[in-house]
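For reference, the structure is listed below as structure tokens.
The values are calculated or read from the model by the stated rules, or taken from the named source; none is laboratory data. Computed from a predicted structure; not experimentally measured. Cβ atoms come from the backbone with ideal geometry, glycine included; neighbour counts cover every protein chain shown.
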DNA sequence: CTGTATCCGTATAGATACTG
DNA sequence: CAGTATCTATACGGATACAG
């Protein structure tokens, strides 16, 4: 239906897909985006395009394998676009697509939540461990 | 500093903790909450308290082991509280704590995003696979 | 610089059986 | 009903070596 607005289509999708269902495709998608490296990559790209090496430094501790794998998946899923400049040596930039942009804010919130509530969580852990 | 407001302390924490850093505690916390079952559990509990068996049905496909493990971790981290009614048979309800409540909305957004953008992601995958 | 390929240990997650 | 315990498969992720 080409006359549907984007909002209308999204509302439609919300009725069709349900991640609570085991074999709903959205369950797998939720699994994919529920990932530390995805969250950090999108959070980093939220600031603007980044080169591969910049991301590698920003996401401290990420292995080449995981970074590449994460970026490939994000590219395939349409969240990120890969821009190659055929210089010598080659330069590759990654940037958020419109779709990626729509998720980036949530990832920033998620990352921010972990940072903001770290102390409370540690206090809860101490209390829990003391009780047992 | 007992005179700090909650907001002030949280802002303080945001400067102290940085999930981009490999060995920042918040990195591990981000890893923990970036989890399919955590997202679905919090999304379910957002509606109100649930019994163990209700969660088991709601989070279709979850194994007893993963459900228990997820709930234990959430309890230890202070996101969920476990309420035992010592009847026969015993009844156990799980409900969000205040801390859990502060994350639940983000998890609903994450789950909703997966459901709302499923079609776009599948289209992107088809396009990507066709290009290669 | 931006990857790919391979090896390998570990953590994860499912299945199954059993318990207060 | 609400778990615990154990076994096993495999997927995840890190380290290393190599390449366009």
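Quick notes on this structure:
- Filter result for residue B:75 (more than 10 Å from chain A (Cβ to nearest Cβ) and at pLDDT 95 or above): no
- Test: residue in the stretch A:85-105 that is within 16 Å of DNA strand D (Cβ to nearest atom), at the interface with another protein chain (Cβ under 9 Å from one of its Cβ atoms) and under 24 Å from residue B:29 (Cβ atoms): no
- The set of residues in the stretch A:56-81 being more than 14 Å from DNA strand D (Cβ to nearest atom) and either touching a helix residue (DSSP H, G or I) at 6+ places or on another chain (Cβ under 9 Å) or closer than 18 Å to residue B:31 by Cα (or both) consists of A:58, A:75, A:76, A:77, A:78, A:79, A:80, A:81.
- Residue within the stretch A:80-89 that is part of a loop (DSSP other than H, G, I, E, B) and surrounded by 17 or more Cβ atoms within 10 Å (Cβ to Cβ) present: no
- Any hit, the stretch B:26-37, residues being within 16 Å of DNA strand D (Cβ to nearest atom) and farther than 30 Å from residue A:57 by Cβ: yes
- Some residue of the stretch A:18-36 being under 19 Å from residue B:122 (Cβ atoms), more than 16 Å from DNA strand C (Cβ to nearest atom) and in contact (Cβ under 8 Å) with a residue 40 or more places away in the chain: no
- Selection within the stretch B:32-57: residues that are assigned to a helix (DSSP H, G or I) and farther than 29 Å from residue B:19 by Cβ. The member of this set that is nearest to the other protein chains (Cβ to nearest Cβ) is B:57.
- Top-ranked residue in the stretch A:107-125 [being under 19 Å from residue A:77 (Cβ atoms) and crowded, with 20+ Cβ neighbours inside 10 Å; ranked as nearest to the other protein chains (Cβ to nearest Cβ)]: A:110
- Taking the stretch A:86-101 as the range and being at pLDDT 95 or above and out of contact with any helix residue (DSSP H, G or I) (no Cβ under 7 Å at 6 or more places or on another chain) as the test, the residues that pass are A:91, A:93, A:97, A:98, A:101.
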